[in-house]
Amino acid sequence: MKNFYLLFVMIAAVYTSAQDHQMHDMEGRNHEGHLHDTMVDGKLLEVNAERFDDFVLGLEGKQVAIVSVSGMVCDFCARGIEKTFSKDKTVLKLDVDLSGGKVLIAFDKDKNIDFEDIKKKILSNGQNATDLQIIKI
Amino acid sequence: MGIKYFYTFLLLIGPMFLESRPISYSGGSTLMLKSNAMQNSAYYHYSPSYKFSIGIEQVKDKYFDADYSSLRLTYLLNRKNTQHSQRNLYLQSGISSDGVDHYFYGVHGDWETRRLFSGFGYKETQTASLDYAEKYLQLGVAPYIGEYGDLHTWLMVKAKHDELTNEWNTYPVLKLFKGNALMEIGYTDASEWDIHFMYRF
């Protein structure tokens, strides 16, 4: 009975893993070596894989801040985020992911990324920055 | 209560019907152009912060063949952001160049996700000869979810009630926006085509 139980658990684990893997492939997130699979502070990057991979093209040696933003429900109301950060000369590139509720901001590798400053800039557009992940490219 | 008062009412509260996003981001400016059967107007406002905007509206009154300006102020009383939604409550007011006895004040609010929109408004207008109130409800759905930079589309229905006729009038509104430009097109039997263009910079 014990062996049967162990066998059942193993089959279930393999099945679950396969399902996860299949889902991962379907979402286009399982490209070996791509940065969206990287763990940051123990958490997998919560980004749109394709969008993120496109964004980091040409950013080798830079760093990217992935900012989670709440209240970013429409394109028109997110425009101010792009405007605000475009005034910051240390920002190399920016992308808004409406579906994921993320703002991707590229900086030079030496830039000290200040989450409080980012929060302030996001708030000036009327939204709230709730989380920050930084990844070196 | 004559048809003239009815048209006066529509003329004065008309801008409210198709108005959206009354406050921009901090330091942002917005230009709105509107045209319908009874008036053309140009409204510019500046937002010192995301919480309020101040602006001036120039109105060409087709029905009375008159021109006037209004100084307008909008204040964001409350906003609730979540990961998938935003809720807003605004206070608005304005005073006309016709005199201090011609002004309006009101409240309007909305709640939206990327798929759904709902909004309401209440506005009280006072003139030297007439005081009246107006209220509306609006519901909308996005037929598809666009990404940042795409053309976005909203299909909406608006129902408004005015004290002068004591009737609800319901009509469709199509909203399109891309980048910094937004256009709303509405149609009512009372005011025919109502077109509103907005650009932020």
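None of the figures in this text is laboratory data; all of them are computed from the coordinates on show. Note that the structure is predicted; figures quoted are calculated from it, not measured. For neighbour counting, all protein chains shown are included, and Cβ atoms are generated from backbone atoms with ideal geometry for every residue, glycine included.
In order along segment A:110-127, the Karplus-derived 3J(HN,Hα) couplings, from 6.51 cos²θ - 1.76 cosθ + 1.60 at θ = phi - 60°, round to 8, 5, 7, 7, 9, 4, 5, 5, 5, 4, 5, 5, 5, 5, 5, 9, x, 10 Hz, and Gly and Pro are given as x.
Ordering A:Ile105, B:Ile54 from the fewest to the most neighbouring beta carbons within 10 Å gives B:Ile54, A:Ile105. Couplings 3J(HN,Hα) of segment B:195-201, computed from phi: 10, 9, 10, 9, 9, 10, 8 Hz, in residue order, whole Hz [Karplus 6.51 cos²θ - 1.76 cosθ + 1.60, θ = phi - 60°; x for Gly and Pro]. The ranking of B:His84, B:His108 by Cβ neighbour count inside 10 Å, starting from the fewest, reads B:His84, B:His108.
Among the GluC sites (Glu not before Pro) in segment B:156-201, which ones are in a DSSP loop with at most 15 other Cβ atoms within 10 Å of the Cβ? Mind listing them?
Here the GluC sites (Glu not before Pro) that fit, given the DSSP loop and packing criteria, are B:Glu163.
Phi-derived couplings, Karplus 6.51 cos²θ - 1.76 cosθ + 1.60 at θ = phi - 60°, listed residue by residue for segment B:48-54: x, 8, 6, 8, 8, 9, 10 Hz, with x used for Gly and Pro.
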